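The values are calculated or read from the model by the stated rules, or taken from the named source; none is laboratory data. All values derive from a computational prediction rather than experimental measurement. Cβ sites come from the backbone with ideal geometry, for glycine too, and all protein chains shown count toward neighbours.
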Amino acid sequence: EAEVAQSPRYKITEKSQAVAFWCDPISGHATLYWYRQILGQGPELLVQFQDESVVDDSQLPKDRFSAERLKGVDSTLKIQPAELGDSAMYLCASSLGTGRADTQYFGPGTRLTVL
Amino acid sequence: DAKTTQPPSMDCAEGRAANLPCNHSTISGNEYVYWYRQIHSQGPQYIIHGLKNNETNEMASLIITEDRKSSTLILPHATLRDTAVYYCIVRVANRDDKIIFGKGTRLHILP
């Protein structure tokens, strides 16, 4: 069964450093989502792509976060500089993207710890 | 804000059916009911979804009331591996919008 791949699974960094997370969606999925999950809470959307275009980045802290999906396939989420409050699980999800509430499938996540 | 209400936690004995309720009294006619679960330190896992009719797959059954204001997720024979947080979510049928997660129900399967 096809799965969403994410790397790394765990990342420890010091504040003010730069970090990057990678996501490879299920083949053929046009829509890609990055969510952030703080411990004890549900995931919240950071950014949504349709192919290579950003559809929703209203909750992305643009002063320090950036996301790209250059060829409309895999995606990278970057934080520079990292802050203590960025410690969280970063989840990538993908869906077919037909515009009809397609099921979103999530990857295993990247657990970020900022010291 | 999430448009669903779920109990914060539930217990179920191993081997028994786990029935997880969800209230979505403001659901619109074009909104699906989706269920996901999240096992500790893993990404959310899709379970099942429905619009009006009851649905069943290899993981669970979804029972939606006739007025669509509430639903129940049924895990027919719960195992220890079913211990997780279960999220009930409503999604508009004709858009690929983000999922808005609530607090979910923490299900404990007891040996």
> Somewhere in region B:80-97, is a residue over 22 Å from A:L39 (Cα atoms) and more than 14 Å from every other protein chain (Cβ to nearest Cβ)?
Replying inline: yes
>> Can you tell me which condition A:L45 does not meet? The list is (1) within 14 Å of the chain's Cα centre (by Cα); (2) away from every other protein chain (no Cβ under 13 Å); (3) crowded, with 16+ Cβ neighbours inside 10 Å, and all the others hold.
In response: (2)
>> For region A:50-74, give me each residue that is surrounded by 14 or more Cβ atoms within 10 Å (Cβ to Cβ) and among the hydroxyl-bearing types (S, T, Y).
In response: A:S66
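Residues are listed down the side, and each one gets a yes or a no for (1) closer than 21 Å to B:Q45 by Cα; (2) touching a strand residue (DSSP E or B) at 6+ places or on another chain (Cβ under 9 Å); (3) not in a loop (DSSP other than H, G, I, E, B):
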site: A:F21; (1), (2), (3): yes, yes, yes
site: A:L45; (1), (2), (3): yes, yes, yes
site: A:K71; (1), (2), (3): no, no, no
site: A:D102; (1), (2), (3): yes, yes, no
site: A:R111; (1), (2), (3): yes, yes, yes
>> Consider region A:83-107. How many of its residues are more than 7 Å from chain B (Cβ to nearest Cβ) and surrounded by fewer than 23 Cβ atoms within 10 Å (Cβ to Cβ)?
In response: 9
> How many residues are within 16 Å of the chain's Cα centre (by Cα) and not charged (D, E, K, R) if we restrict to region A:88-115?
Replying inline: 17
> Among all residue pairs at least 6 apart or on different chains, which show Cβ distances below 7 Å where the first residue, located in region A:9-28, is closer than 18 Å to A:R64 by Cβ and the second is modelled with pLDDT of 95 or more and aromatic (F, W, Y)?
Replying inline: A:F21/A:Y90
